[in-house]
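Have a look at the structure below before the remarks.
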Amino acid sequence: MIYLTVIIEAVLLLKTLGDLGVTIAVSSGATLLLLYLWVSRHKFGENLIPLEREAIPWLYDGIAELSKKAKIAMPRVYLLDDYIPNAYSFGNTIVLSLGLFEVLDEDEIIAVAAHELGHIKNHDTKWFPMVTYGRFLMLVTTMALVIAGSTIIKVVALIVYLAYEIERSEFMKRREFKADETALRLLKIPLSLKKALEELKYYEDLRMNVKVNAVPSIEPGIDREKRLSFFTETHPSYEERILRITLEMNNLMRMKQV
């Protein structure tokens, strides 16, 4: 579906603006590509500490074992100097915040790393940037169609853009679920992923309660950076992930018993 919206947008652009439309699309795409390359080289270099085996052997060896089981190269692993529990991946790199070590045990941290390893194995670290930057390309082309197109073209362009945003969000959520499923198959203790999410959910709930009950104008300094909420919810909730993990674990247990 997400590919269909891009194709329809390209056809509308060509039909409405001809060669100018192609020029707009190509130049916008090239600009976004250059921006992505620049961001990928500079954005992730701050507060990152390369993981050395001598420093945390159980974590290094655990990720190495998971990588071997997943049949992929050992990723680069960095520790993020941030006390908010967080983890993410890009390219062939996994980043784990120091905050994870405050709220999770060793098996649960390995489980979080397994989820990020699942993204790498499933090529999400390649797909996510394309889909995300494709969003801005769609926005540029939609604006061009709204400015230059007929009434019908304007309406169709807006509908197509809306469809892309909805599908983008659903696509990202599906890939999160798939990364969880991959992690469960890699982990020696699949239950550790469920426990990790439960701990992280408790931590998030606790932060929200502290914020609500805080004295006015005094807020805890552990809040994440605020973002726009319009179509930015691309992660499933902890409840959704925990429920799916529970169902998947039951399926794995049935398969082992057969």
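Please determine whether any residue of the stretch 129-147 is at pLDDT 85 or above and closer than 26 Å to Ile72 by Cα. No: the stretch 129-147 contains no residue that is at pLDDT 85 or above and closer than 26 Å to Ile72 by Cα. Filtered by the rule that a residue be charged (D, E, K, R) and loosely packed, with under 15 Cβ neighbours inside 10 Å, the stretch 136-182 gives Glu170, Arg174.
Looking at the stretch 72-91, which of its residues are exposed (fewer than 13 other Cβ atoms within 10 Å of the Cβ) and touching a helix residue (DSSP H, G or I) at 6+ places or on another chain (Cβ under 8 Å)?
Across the stretch 72-91, the qualifying residue is only Ala73.
A Cβ distance below 6 Å, combined with a sequence gap of six or more or placement on separate chains, defines the contacts here; from the stretch 148-170, residues that are closer than 16 Å to Gly134 by Cα reach residues that are acidic (Asp, Glu) and buried (at least 17 other Cβ atoms within 10 Å of the Cβ) in the pairs Val160/Glu9.
Taking each residue of the stretch 70-96 that is in contact (Cβ under 8 Å) with a residue 60 or more places away in the chain and looking for partners that are surrounded by 19 or more Cβ atoms within 10 Å (Cβ to Cβ) and assigned to a strand (DSSP E or B) with beta-carbon atoms closer than 8 Å, six or more apart or interchain, yields Tyr83/Ser97; Ile84/Ser97; Pro85/Ser97. Picking from residues in the stretch 29-70 that are among the polar types (S, T, N, Q) and at pLDDT 70 or above, the one that is farthest from the chain's Cα centre (by Cα) is Thr31. Listed by first and then second residue, the pairs with beta-carbon distance under 6 Å, at least 6 apart or on different chains, first residue in the stretch 128-140 and in contact (Cβ under 8 Å) with a residue 60 or more places away in the chain and part of a helix (DSSP H, G or I), second surrounded by 17 or more Cβ atoms within 10 Å (Cβ to Cβ) and among the polar types (S, T, N, Q), are Leu137/Ser28; Val140/Ser28.
The values are calculated or read from the model by the stated rules, or taken from the named source; none is laboratory data. Predicted, not measured: the structure shown is a model, and the values here were computed from it. Counting neighbours? That spans all protein chains shown, and the Cβs are built from the backbone with ideal geometry, glycine included.
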